Amino acid sequence: MMNSIIQTSSSLKKYMTQSTFSCSVILLFAIFVEILSTYTTKVASDTSSPYMLLFSLGMYLVSTILFALSLAKISVGKAYAIWSALGTAAVSALGIVFFGEELSFGKIICLAMVIGGVVGLNMLDDAGEKSAESRV
C-alpha cells in the first residue's frame with residue numbers, strides 16, 4: 001500500500017514538473033495558497049479560533065510543498081523573489097481592503113519598489129541565462 005502511494009506521488013511529481021510553464025503555474029498556485037493562509041491566520045487571530053489557525057497551518061504546509069515542486073524548473077532565487085513580492089503586495093492589499101489597514105503614499109511607493117526589484121532580478125536572471133547559453 002505505502003509503496004504504491006510513493007510510486008503514485010513520484011509519477012505525479014514528474015508529470016507536474018516537466019516544464020518551466022507547469023512549474024510557473026505551480027508557483028502561482030503556491031503563492032495564492034500562501035496569501036490565503038496569511039489571510040486565514042489574521043481571521044483566526046481576530047476570532048481566537050483554534051480550528052481556523054490549524055486550517056491556516058495546513059494551508060502553509062501545502063503552499064510550501066507546492067513551492068518546493070516549482071523549484072524543479074525555476075531557480076530558487078527567481079522563485080523566492082516572485083513568491084515574496086507577490087505575497088507581500090497581495091497581503092498588503094488584503095489588509096487594506098478587508099482589515100481596514102492604512103493606505104499611504106509611502107506604502108504604495110514601497111510596494112512598487114518591491115515589485116520593481118523582483119522584475120529587475122528576473123530580467124538580470126534571464127539575461128544571465130541567455131549569456132550562459134551563448135557561451136556553450
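The values are calculated or read from the model by the stated rules, or taken from the named source; none is laboratory data. These figures come from a predicted structure and were not determined experimentally. For neighbour counting, all protein chains shown are included, and Cβ atoms are generated from backbone atoms with ideal geometry for every residue, glycine included. Quick note on the areas: whole protein, heavy atoms, side chains included, nothing else; ligands and nucleic acids left out. Shrake-Rupley method; radii C 1.70, N 1.55, O 1.52, S 1.80 Å.
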Over 32 Å (Cα to Cα) among Lys78/Lys107; Lys13/Lys107; Lys13/Lys78 -> Lys13/Lys107
Here the FRET efficiency for Ala89 versus Ile65, based on Cβ atoms and R0 = 30 Å and rounded to 0.05, is 0.85
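Heavy-atom accessible area per residue, the range 20-134, 1.4 Å probe: how many Å²?
60
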With all protein chains in place and a 1.4 Å probe, Tyr60 shows an accessible area in Å² (nearest 10) of 70
Here the gain from full extension of Ser19 to Asn122, 0.36 nm per residue of separation minus their alpha-carbon distance, amounts to 35.3 nm
